[in-house]
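Worksheet: the structure to be examined is printed underneath.
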Amino acid sequence: MIAAAPGVTVPLPQRARLADLYCSYDDTLNSGALEQWPALFADPCLYKIVERASHEQGLPIAVMYCESRDMLMDRVVALRETALFAPRITRRITGGICVRSVGSDGLHLTASFAIFQTMPDQPSALFLCGSCQDRVVDEAGELRFAERICIYDSTIVPTSLVYPV
Amino acid sequence: MIAAAPGVTVPLPQRARLADLYCSYDDTLNSGALEQWPALFADPCLYKIVERASHEQGLPIAVMYCESRDMLMDRVVALRETALFAPRITRRITGGICVRSVGSDGLHLTASFAIFQTMPDQPSALFLCGSCQDRVVDEAGELRFAERICIYDSTIVPTSLVYPV
Amino acid sequence: MIAAAPGVTVPLPQRARLADLYCSYDDTLNSGALEQWPALFADPCLYKIVERASHEQGLPIAVMYCESRDMLMDRVVALRETALFAPRITRRITGGICVRSVGSDGLHLTASFAIFQTMPDQPSALFLCGSCQDRVVDEAGELRFAERICIYDSTIVPTSLVYPV
């Protein structure tokens with residue numbers, strides 16, 4: 001369920017549209033359809049994966065950083081064609097999606113995520129958990145992420161981070 | 001929140017009814033009320049637990065396979081009366097429930113699940129995660145699963161699979 | 001999505017308000033804003049953290065037990081000023097929120113939770129999972145927890161339980 005913070009009004013049909021967007025995001029990554037992932041973002045956009053401790057100190061470092069849909073797609077192409085990594089399945093589950101404020105620049109939301117990873121011949125295991133700080137905009141009737149900052153809770157850098165989060 | 005795939009229209013009251021069904025399913029398994037589990041299915045039905053790699057190759061093998069409510073109940077009776085296994089608690093959490101299409105044969109949905117398991121005197125741990133491919137039908141005002149295919153992400157067979165997933 | 005048990009009617013706007021409350025609860029704990037946590041409860045209230053096996057046997061023992069908003073706040077002050085513990089981040093994800101009945105004393109709900117914990121320089125890991133048995137009341141237009149009983153599945157006492165659950 002999409003929630004709203006105290007004092008923020010989000011009509012039910014709008015909540016349903018947001019649910020559709022958030023679910024599409026998880027489905028796209030879970031099914032490995034990475035080529036469809038950039039279309040979930042506005043252009044330009046901001047996509048970052050950052051460590052929580054760095055983020056809270058305002059440090060600029062990011063494990064992944066993209067500012068446009070082309071940069072997102074570049075990332076996917078690099079993954080498909082040049083990166084060398086063991087095959088794996090990731091499963092992203094999102095909870096606590098909450099509209100924090102509604103501004104002229106879009107809807108500001110936060111959410112929690114847990115990502116489970118399965119390596120060949122190993123049991124599934126928790127890979128990362130954390131929160132997202134998002135800005136969602138309506139582009140000609142389509143909701144898209146203008147900003148998605150994925151903030152993982154652990155202080156160690158996930159060296160095996162291959163896929164987007 | 002129940003989501004809908006792009007281009008699929010699912011009215012809010014229908015989404016709420018689907019949420020009720022999905023929540024009932026998890027509650028039934030989480031509370032150990034297995035005798036009530038078959039009633040969540042249509043009759044005949046298809047219930048399967050399969051490994052993702054097998055499923056993607058179209059292989060027929062399944063860890064559990066039932067084609068009717070009687071077969072589901074048979075499974076429960078076997079569990080209660082003949083199976084020998086260490087006691088355990090399972091907790092199923094479902095996310096990303098999405099209506100992919102609406103056909104004359106019912107609603108087609110996908111969802112992600114994580115199942116945590118707790119053995120006596122041990123901490124809780126992730127047991128399985130994966131996705132469901134479901135077909136839901138309306139039988140005289142009751143939504144039920146005509147098909148539920150549970151596809152787990154790991155390639156190893158969960159030898160300790162005792163309860164339905 | 002907030003679900004309703006068979007035979008229980010919960011209008012969509014009421015479901016949305018419940019989603020807002022449940023999401024607020026998780027957000028408050030996830031962001032570490034413990035001082036705001038007592039305001040999510042009615043006064044007096046009942047807040048307990050109990051082991052599932054004890055709870056099912058009706059034993060009174062609880063890992064945490066509070067009967068008023070002051071007791072909840074006392075807990076927070078103790079945590080902030082006297083407790084000595086390693087820093088940690090907790091991430092609570094709630095699923096399967098279901099209205100079981102509607103009475104003159106409020107709404108009775110159950111839900112499942114998984115809590116992940118991250119210690120410094122360690123990967124995130126599952127800490128606890130279990131269920132909540134809640135009673136929610138409307139106080140002058142604000143939904144609050146009159147009762148929240150958090151029942152964890154494991155039989156071992158989580159010695160490292162520092163924060164509320």
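The values are calculated or read from the model by the stated rules, or taken from the named source; none is laboratory data. Keep in mind that this is a model prediction, so the values were computed, not measured. Neighbour counts are summed over all protein chains in view; Cβ atoms, including those assigned to glycine, are modelled from backbone coordinates with ideal geometry. Remember, those area values only see protein heavy atoms, side chains included, never the ligands or the DNA or RNA. Shrake-Rupley method; radii C 1.70, N 1.55, O 1.52, S 1.80 Å.
The sole residue among B:SER131, B:SER101, B:SER124 that is in contact with a strand residue (DSSP E or B) (Cβ under 9 Å, 6 or more places away or on another chain) and open to solvent by less than 20 Å² (accessible area, probe 1.4 Å) is B:SER124.
Please go through the stretch A:84-93 and give me each residue that is exposed (fewer than 12 other Cβ atoms within 10 Å of the Cβ) and either modelled with pLDDT of 95 or more or not aromatic (Phe, Trp, Tyr) (or both), ordered by number.
A:LEU84, A:ALA86, A:PRO87
For (1) out of contact with any Asp or Glu (no Cβ under 7 Å at 6 or more places or on another chain); (2) open to solvent by less than 40 Å² (accessible area, probe 1.4 Å); (3) closer than 30 Å to A:GLU51 by Cα, each residue gets a yes or a no:
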position: C:GLN57; (1), (2), (3): yes, no, no
position: C:THR82; (1), (2), (3): yes, no, yes
position: C:LEU107; (1), (2), (3): yes, yes, no
position: C:ARG135; (1), (2), (3): no, no, no
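May I ask you to verify whether A:TYR65 is open to solvent by 20 Å² or more (accessible area, probe 1.4 Å) and either more than 14 Å from chain B (Cβ to nearest Cβ) or touching a helix residue (DSSP H, G or I) at 6+ places or on another chain (Cβ under 7 Å) (or both)? Lay out the reasoning, then the answer.
Values: open to solvent by 20 Å² or more (accessible area, probe 1.4 Å): yes; either more than 14 Å from chain B (Cβ to nearest Cβ) or touching a helix residue (DSSP H, G or I) at 6+ places or on another chain (Cβ under 7 Å) (or both): yes.
Spelling it out, A:TYR65 is indeed open to solvent by 20 Å² or more (accessible area, probe 1.4 Å) and either more than 14 Å from chain B (Cβ to nearest Cβ) or touching a helix residue (DSSP H, G or I) at 6+ places or on another chain (Cβ under 7 Å) (or both).
Only residues that are without any contact (Cβ under 8 Å) to a residue 60 or more places away in the chain and under 16 Å from the mean Cα position of the chain (by Cα) were counted in the stretch A:83-101, giving 1.
For residues in the stretch C:31-41 being open to solvent by 10 Å² or more (accessible area, probe 1.4 Å) and assigned to a helix (DSSP H, G or I), which is farthest from the other protein chains (Cβ to nearest Cβ)? Among those that are open to solvent by 10 Å² or more (accessible area, probe 1.4 Å) and assigned to a helix (DSSP H, G or I), it is C:GLU35. Scanning the stretch A:42-55 finds one or more residues that are part of a helix (DSSP H, G or I), of a type in the set (D, E, K, R) and either within 10 Å of another protein chain (Cβ to nearest Cβ) or farther than 20 Å from A:GLU139 by Cα (or both). Restricting the first member to the stretch C:143-161 and to residues that are on the phi < 0 side of the Ramachandran plot, and the second to residues that are among the basic types (Lys, Arg) and open to solvent by 20 Å² or more (accessible area, probe 1.4 Å), the beta-carbon pairs closer than 6 Å and six or more apart or on different chains are C:LEU143/C:ARG17; C:ALA146/C:ARG135; C:GLU147/C:ARG135; C:ILE149/C:LYS48; C:ILE151/C:ARG52; C:ASP153/C:ARG52. For the stretch C:1-13, a residue qualifies if it is surrounded by fewer than 20 Cβ atoms within 10 Å (Cβ to Cβ) and within 11 Å of chain A (Cβ to nearest Cβ), and the qualifying residues are C:PRO11, C:LEU12, C:PRO13.
Scan the stretch C:147-165 and tell me whether some residue there is open to solvent by 10 Å² or more (accessible area, probe 1.4 Å) and of a type in the set (Lys, Arg). No, the stretch C:147-165 contains no residue that is open to solvent by 10 Å² or more (accessible area, probe 1.4 Å) and of a type in the set (Lys, Arg).
Provide a single number: the residues in the stretch B:14-28 that are within 10 Å of chain C (Cβ to nearest Cβ) and closer than 30 Å to B:ARG80 by Cβ.
Step one: list which residues in the stretch B:14-28 are within 10 Å of chain C (Cβ to nearest Cβ), which gives B:15-27.
In the following step, the residues that additionally are closer than 30 Å to B:ARG80 by Cβ were identified as B:18-27.
Within the stretch B:14-28, residues that are within 10 Å of chain C (Cβ to nearest Cβ) and closer than 30 Å to B:ARG80 by Cβ number 10.
Being over 17 Å from the mean Cα position of the chain (by Cα) and among the acidic types (Asp, Glu) holds for only one residue in C:GLU56, C:GLU35, and it is C:GLU56. Within the stretch B:107-130, being farther than 30 Å from C:THR155 by Cβ and out of contact with any Gly (no Cβ under 8 Å at 6 or more places or on another chain) holds for B:LEU107, B:HIS108, B:LEU109. Of all residues in the stretch A:70-82, those that are acidic (Asp, Glu) have Cβ atoms under 9 Å from Cβ atoms of residues that are surrounded by 17 or more Cβ atoms within 10 Å (Cβ to Cβ) and at pLDDT 95 or above, 6 or more apart or on another chain, in A:ASP70/A:PRO38; A:ASP74/A:CYS66.
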